[in-house]
1. Could you calculate the FRET efficiency of residue 54 with residue 131 from 1/(1 + (r/R0)^6), where r is the beta carbon distance between them and R0 is 41 Å, rounded to 0.05?
2. So how many Å³ per residue does the convex hull of the Cα atoms of the chain work out to?
3. Between 108, 74, 98, find the one with the highest GNM mean-square fluctuation for the chain; connect C-alpha pairs within less than 10 Å.
4. Test of understanding: in a Gaussian network model of the chain with alpha carbons linked when under 10 Å, which of 140, 152, 25 would top the mean-square fluctuation ranking?
5. Assuming 0.36 nm per residue, please report the length gained on full extension of the stretch residue 62 to residue 75 beyond their Cα-Cα distance.
6. In segment 64-84, which residues have a backbone nitrogen under 11 Å from the label point lying 7 Å from residue 140's Cα in the Cα-to-Cβ direction?
7. Suppose each label sits 7 Å from its Cα in the direction of the beta carbon; what would the residue 27-residue 166 distance come out to in nanometres?
8. Rank by packing, highest mean first: peptides 61-68, 79-86, 114-121, with packing defined as the count of other Cβ atoms within 10 Å averaged across residues.
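What follows draws every value from the coordinates through simple rules; no lab data is involved. Model, not experiment: these values are computed from the prediction. Note that each Cβ is placed from the backbone with ideal geometry, even for glycine, and that neighbours are counted across all protein chains shown.
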């Protein structure tokens, strides 16, 4: 009966097992980095930075108009963009950038606009109102990543929205 010979090389103690300590050390470093990344994600989620929360809520105010939205959204989850139009007038005209309207996939608008039209670059919504008006755009983010666009009320200054959409 013939004995099988094991290849010669570095051994672990008295066991005849080959080892590669430099590879093992690299793997330990990769594991620790993975642990830190998972802890960071858990910490961010616990604080509320990975979805709608008080910390990601953004309120912009310009010339009698207030815009409220969340800086962080989730793909295909419902969210609201709220506009409070306190300027008196018989009608309010809202211009929504087409890039923003398609990236956030507007599903419903409250109250319904008296008139809706658009061109290749802009969606125009006209609301009849004598008193202050709150407009709510119900939408669902349609793509992952950074979403940027503008909203403008009448001829006033533009509101620049920036949102990051997570999977």
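1. Step by step, r from the Cβ atoms, then E = 0.90.
2. Spread over its residues, the Cα hull of the chain gives 196 Å³ apiece.
3. For the chain, modelled as a Gaussian network with Cα springs under 10 Å, the answer is 108.
4. 25
5. Full extension of this stretch gives 1.8 nm more.
6. 75-79
7. Placing both labels 7 Å beyond Cα along the Cβ direction yields 3.1 nm.
8. Top to bottom by mean Cβ count within 10 Å: 79-86, 61-68, 114-121.
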